[in-house]
Each structure stands twice: as structure tokens, then as C-alpha cells.
Amino acid sequence: MRKQVADLPESLRTASFASLDTSRSVTGLLDAYHRTIDLIEGRLIGVLLEGDAGLGKTHLAAAAVRTLRSRDEIARFVFVPDLMAELRRCVANNQSPDLLLDSYATIGFLVLDDFGRGRTIPTPFELDALTRLIQRRYEGNVPFMITTNLSFDRVLETYGQGVADRMWQASDTCCHVLIQGPSARTEFNYTEGR
């Protein structure tokens, strides 16, 4: 589990748009960069970045949060498995998870990082919480960004039509960017001989 729920992990606290390596052979990364800029400038409400690990999705999301915070805007970054654990703790402690879910649904800008990571099949509670959260942000025009390794078909199969439709919403206010290429992590490790 990452050190802080709803905040940037230590490894991403210096992530910026300037430090993103857009020269790599990664299809869709430059488009993802531009759509993220559109999002933080208010030209979009939602951005979904889909692709394998190590392609820059989380780096872009962290850069967006850091940029907004530098403008004194409220922005939260949450690793989805940590959010699910936090909601389960509420239930285990006989507290309503609704207050916590409300805070995520209404906060100024929200990144849901690594959507779909964790359990292979979400519990009904997790499915309901994620559906409600995405639905409320989408319907309320509250800006959000989702990163995932899952394809549309996998989200559809696992989370249902409502979640998949909202995540892959193609409109004037929401967009999906597919990023493909070699992982920067393994590319770096092989190149540097680590």
C-alpha cells in the first residue's frame, strides 16, 4: 500500500510536465499530454488514460495534480486499491462510507490512479462505490482523470456498462487516450544494465 491515501506517493512528488519524456517511441503519449493540459485548463471534464504499465499515465496524472496545487487549486490523487481499502475500513469501523465517498465525488479535481488494479472481480460494495463515484463526477461536471491498464472490454465485463460507458465517454468534455509502447521502467533497466 502506498504511504498516503489521496495524495501523491513519494516517487511522484516531483513529477512534472517538463520531466515527461515525450521523445520515447510511445504511441499516444503526446496526445495524452495535450489532453491532460486541456483538462487542467478547464477545456475537458474527464480524461481516461489507458495503457500498460510504465508508459507515463501516472506521471501525467501526478503532474496535473502538482500543477493545480501550485495554483492553489484543490486536487487529490488516489490509488484506487487504497481508496477501496479506506472505504472498507469505514464499514469495518461501523462508519458510513458515504461521507468519504462524498468527499471524493465533490473535491475540485480527482485522479483515480490504477483503476481496476487489485481484486480480479470487485465485490458488490466496491462496484457500487466506484460506479457512484464516477457517476457523480461525470454528472456534476467535476473534473477527473482515470488511469488504467484495463481495456474497455475488460472494464465492461468486470464493472458493467455504466462504468465502462462513462470511462470511455467520447464527447466535447471527456476523452480517452490509448497509450502503447515499451515500458520506461524496463527500457531504463535494460539500457542502464540494472
Taking segment 116-149, which residues are surrounded by 19 or more Cβ atoms within 10 Å (Cβ to Cβ) and closer than 21 Å to Leu44 by Cβ?
Leu130, Leu133, Ile134, Arg137, Tyr138, Pro143, Phe144, Met145, Ile146, Thr147, Thr148
For segment 86-126: of the residues being aromatic (Phe, Trp, Tyr), touching a Lys or Arg at 6+ places or on another chain (Cβ under 8 Å) and at pLDDT 90 or above, which is nearest to Ala63 (Cα to Cα)?
Phe109
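Being open to solvent by 20 Å² or more (accessible area, probe 1.4 Å) and over 14 Å from the mean Cα position of the chain (by Cα): is that true of Glu73 here? Step through it out loud before you land on a result.
Working: open to solvent by 20 Å² or more (accessible area, probe 1.4 Å): yes; over 14 Å from the mean Cα position of the chain (by Cα): yes.
Yes: the conditions hold for Glu73.
Any residue in segment 59-70 that is open to solvent by 70 Å² or more (accessible area, probe 1.4 Å) and in contact with a strand residue (DSSP E or B) (Cβ under 7 Å, 6 or more places away or on another chain)? Outline the logic, then answer.
Step one: list which residues in segment 59-70 are open to solvent by 70 Å² or more (accessible area, probe 1.4 Å), which gives 66, 69-70.
The next check asks that each one be in contact with a strand residue (DSSP E or B) (Cβ under 7 Å, 6 or more places away or on another chain); those that pass are 69.
Within segment 59-70 (the criterion being open to solvent by 70 Å² or more (accessible area, probe 1.4 Å) and in contact with a strand residue (DSSP E or B) (Cβ under 7 Å, 6 or more places away or on another chain)), the answer is yes, since at least one residue qualifies.
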Could you give every pair whose Cβ atoms fall below 9 Å, whose first residue belongs to segment 20-41 and is closer than 18 Å to Ala53 by Cβ, and whose second residue is in a helix (DSSP H, G or I) and at pLDDT below 90, counting only separations of at least 6 or pairs across chains?
Asp21/Ala184; Arg24/Ala184; Arg24/Glu187; Val26/Ala184
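Can you say whether Leu68 is touching a residue at least 12 places away in the same chain (Cβ under 8 Å) and touching an Asp or Glu at 6+ places or on another chain (Cβ under 7 Å), as far as the supplied structure shows?
Numbers: touching a residue at least 12 places away in the same chain (Cβ under 8 Å): yes; touching an Asp or Glu at 6+ places or on another chain (Cβ under 7 Å): no.
Judged against the criteria, Leu68 is not a match.
So which of Asp102, Asp113, Asp153, Asp98 ends up being surrounded by 17 or more Cβ atoms within 10 Å (Cβ to Cβ) and either more than 14 Å from the chain's Cα centre (by Cα) or under 13 Å from Leu83 (Cα atoms) (or both)?
On the way: Asp102 fails: surrounded by 17 or more Cβ atoms within 10 Å (Cβ to Cβ); Asp153 fails: surrounded by 17 or more Cβ atoms within 10 Å (Cβ to Cβ); Asp98 fails: surrounded by 17 or more Cβ atoms within 10 Å (Cβ to Cβ).
Only one candidate passes the filter, namely Asp113.
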Picked from segment 18-33 (must be over 16 Å from the mean Cα position of the chain (by Cα) and within 25 Å of Val142 (Cα to Cα)), the residue least open to solvent (accessible area, probe 1.4 Å) is Gly28
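Give me the helices (runs of 4 or more DSSP H) completely within segment 131-194, filtered to those with at least 2 residues that are modelled with pLDDT under 90 and closer than 18 Å to Leu60 by Cα, ordered by residue number.
On the way: elements: 152-159, 161-167, 184-192.
Once the helices (runs of 4 or more DSSP H) in segment 131-194 are filtered for at least 2 residues that are modelled with pLDDT under 90 and closer than 18 Å to Leu60 by Cα, what remains is 184-192.
The values are calculated or read from the model by the stated rules, or taken from the named source; none is laboratory data. All values derive from a computational prediction rather than experimental measurement. Note that each Cβ is placed from the backbone with ideal geometry, even for glycine, and that neighbours are counted across all protein chains shown. Surface areas here come from the heavy atoms of the whole protein model, side chains and all, with no ligands, DNA or RNA. Shrake-Rupley method; radii C 1.70, N 1.55, O 1.52, S 1.80 Å.
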